[in-house]
Each structure stands twice: as structure tokens, then as C-alpha cells.
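Structure record follows, encoded as C-alpha cells.
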Amino acid sequence: MKVTVVGAGNVGATCADVLAYREVANEIVLVDIKEGFAEGKALDIWQKAPINLYDSRTIGVTNDYEKTAGSDVVVITSGLPRKPGMSRDDLIETNAKIVKSVTENVIKHSPDAIIIIVSNPLDVMTYAAHLKSGKSRNKVMGMAGILDTARYRAFLAEALNVSPKDIQAVLMGGHGDTMVPLPRYTTVGGIPVTELIDEESLSKIVDRTKVGGGELVKLMGTSAWYAPGSAAAQMVEAIVKDQKRVFPVCIKLEGEYGIDDCYLGVPVILGKNGVEKVIELQLTEDEKALLETSRGHVKAVMEVLDKMNA
Ligand SMILES: NC(=O)C1=CN([C@@H]2O[C@H](COP(=O)(O)OP(=O)(O)OC[C@H]3O[C@@H](n4cnc5c(N)ncnc54)[C@H](O)[C@@H]3O)[C@@H](O)[C@H]2O)C=CC1
Ligand SMILES: O=C([O-])CC(=O)C(=O)O
């Protein structure tokens, strides 16, 4: 199995590192536009192999897509991260250009690859890559839901003083402050979360989750990478090992949830064919209204991209 990660910055290098130490693929190619940067990161990860005991080979290249040829999965993390005071949508102009040109190069050398987008604004960058790739929708998807649910689950684990391993949750919508965590589908060791926490504390956790990315940007001056890189690697692993994992993933909706032609996070089954099924939940009227707000937000940013393409 061969996996390429484009962008050897914070998120991309973390993703490549997790893929290597979990031996998800035997060959991992890291690409960056900055001369020598991906080569250095890949070499550093390879030099960790005798310590952490793995044998996945990591190779770094500067903008040389020939070395990525025949990749089974490609993760695109190239692009600017936001700084304090910015929204993810503020990145659209720079990152759309980067994501489109990277997708073109990827497709040229790995026409059969499944593509996972990480660059922000996530839902609209997934749209941009999907358009450029000309692939079926199940092969081009965005990573955000695993990260957002992980934040939600981590906050709950802390509040309830339980292991994060035992918290299961679903979250839907765009990767922005309008995302929709779903307490009705949140369990702790099989117990509905609402039986273990009061409404006010749960609602505070939901609110903190929605701005979870911004909390880290404020603390660090740039955005997060450990959890995002690991989340992208988890998607790659589900595909490469045909695990049929159930994750929230950003994909083009074609009528599911009564939504057409919009890229949003929804629960899916992830396996060797990419998104193998979109799972449709029976949402309440309140949940539907929240999802509609999120759809409206993403759609408005998709229209900005359409104008840029026009
Ligand atoms: N979907 C999500 O949940 C998350 C998305 N992100 C997004 O991921 C992206 C990357 O974030 P970081 O890794 O922290 O940024 P970073 O600045 O550390 O790394 C980005 C890398 O992309 C490279 N790059 C730029 N243009 C390129 C091109 N044309 N070809 C190849 N490489 C190119 C840069 O040289 C840099 O090394 C940002 O857009 C950020 O907003 C970050 C965290 C979570
Ligand atoms: O907040 C950001 O800009 C990066 C990101 O998407 C996240 O960490 O959720």
C-alpha cells in the first residue's frame, strides 16, 4: 500500500508519522513545496523507526509528483492555517488555488487514488478538490468530523471522569462554528450521556466543541495538528484496511437528509471503496434546523468558490 501526504507542515507531518508508526502503509510519501522540508520531516520519521519499532518507509520530496505515482490514498493538508482573529473561511482564496493545483498533480500520477482533504475551509476545499478530480463522490472526502467528535468526546471524558475510549458520539454539518454535535446519539459505555450529565453542563460542552479549533488557535497562534493529523490517519487506515468504520466524514450530499449539492459532514461507512454508504439518521425538527443553518453557511462559501472559478 502506498499513501501520499501533501503538505509536510504541522498536520501533514503528524499524519505521516501516525501512518508510519501504526504501519498503515509500507510506503508513505510526504510532499511539500518548500525545498527540502518534506525530505527532512520524512527522514526524521524514518530515523524514529528503530526506536518506535516500525518498518513503513517514509520518503520526502519537493513538489515531485512522479514519486507519488500509484498512491492508493492521498491526504491533502497543503495550505495556510489560520491565525488568531481569522475564521477558516478567510483562507479560501489562497487555499483554493493550492488545493486545486495539488489535486491536478495528484490525479495525473495516481488516477485511482482516494483523496482525503484536510485544508481549510474544509467543506469547500473538499468541493474544490472534487470538482478538479472529476471522481465519483465516494472517492473524495474531507476530514473534520472525526476531529470535532474527538474534541467533544475528550471534553465529556474530562467532565465525567471516564475514559475517552468509552465515549461514542455523532456530529454532523460543516466544519465551522455551525457544526451540529448530537447529544441524542452520544453514549458512555452504552449509556445515553443525558443520564450521566446535567443539561447545562452538556450544553456548555457542545458550545466549547463548536469553537474547539478557535480555542487552540488562540492558545498557540496557529491551528492544531496532533488531533487533526491523527484523525486523517484514522481515515486512511479505515480505507487501506477496509475496516468499514463508521465515522462522520465530509462528502457531497445527493439528496440525503433532504440536501442536494452541498458538502457536509455526515455519518458514513468507510472502507476500501472510500465512502461506501451514507448513514441517514432520523433527526428531530430541532436537529434538522441546526443542520439547515450549517448547510446555509457552507453553501454561501461554496458560492464564493464558484465566483472565483467563474
Ligand atoms: N480539517 C481540519 O479539521 C483541519 C484543517 N486544518 C488545515 O490544514 C491546513 C494545514 O495546516 P498546518 O499543517 O497546521 O499548516 P502548516 O503551515 O504547518 O503546513 C502547511 C504546509 O503546506 C505547504 N504547502 C503550501 N502550498 C503547497 C503546495 N502548493 N504544495 C505542497 N505543499 C504546499 C507549506 O509549505 C506548509 O509546509 C490548513 O489549511 C489548516 O487550516 C488544520 C487542522 C484541522
Ligand atoms: O481551527 C482551525 O483553523 C483548524 C481546524 O480546522 C481545527 O483545528 O478544527
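The values are calculated or read from the model by the stated rules, or taken from the named source; none is laboratory data. Small disclaimer: the values here were computed from a predicted structure and weren't measured. Every residue, glycine among them, receives a Cβ derived from its backbone with ideal geometry; neighbour counts consider all protein chains shown.
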Residue by residue through segment 172-198, note down the ones that are within 15 Å of ligand 1 (Cβ to nearest atom) and aliphatic (A, V, I, L, M). MET172, MET179
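Yes or no, residue by residue, for (1) farther than 17 Å from GLY12 by Cα; (2) free of Cβ contacts under 8 Å to residues at least 24 places away in the same chain; (3) buried (at least 18 other Cβ atoms within 10 Å of the Cβ):
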| site | (1), (2), (3) |
| --- | --- |
| THR58 | no, no, yes |
| TYR65 | no, no, yes |
| SER71 | no, no, yes |
| PRO84 | yes, no, no |
| ARG88 | yes, no, yes |
| GLU93 | yes, no, no |
| ALA96 | yes, no, yes |
Output for segment 48-98, where each listed residue is β-branched (Val, Ile, Thr) and closer than 24 Å to VAL211 by Cβ: THR77, ILE92, THR94
If you scan segment 155-190, which residues turn out to be at positive phi and assigned to a loop (DSSP other than H, G, I, E, B)? ASN161, GLY189, GLY190
By my count, helices (runs of 4 or more DSSP H) wholly in segment 191-258 with at least 3 residues that are in contact (Cβ under 8 Å) with a residue 60 or more places away in the chain and either closer than 30 Å to LYS272 by Cβ or within 16 Å of ligand 2 (Cβ to nearest atom) (or both) are 212-220, 226-240
Pull up segment 154-168, narrow it to residues that are surrounded by fewer than 24 Cβ atoms within 10 Å (Cβ to Cβ) and in contact with a strand residue (DSSP E or B) (Cβ under 9 Å, 6 or more places away or on another chain), then point me to the one that is nearest to SER223 (Cα to Cα). ALA154
Would you tally the residues in segment 198-210 being surrounded by fewer than 18 Cβ atoms within 10 Å (Cβ to Cβ) and of a type outside the set (D, E, K, R)? 2
Kindly indicate which of GLU237, GLU254 is within 22 Å of VAL140 (Cβ to Cβ), in contact with a Leu (Cβ under 9 Å, 6 or more places away or on another chain) and at pLDDT 95 or above. GLU237
With in contact with a strand residue (DSSP E or B) (Cβ under 8 Å, 6 or more places away or on another chain), more than 22 Å from TYR185 (Cα to Cα) and outside the structural domain of CYS15 (by TED's automatic domain parsing) as the only criterion, which of VAL278, VAL304, VAL268, VAL240 stands out? VAL240
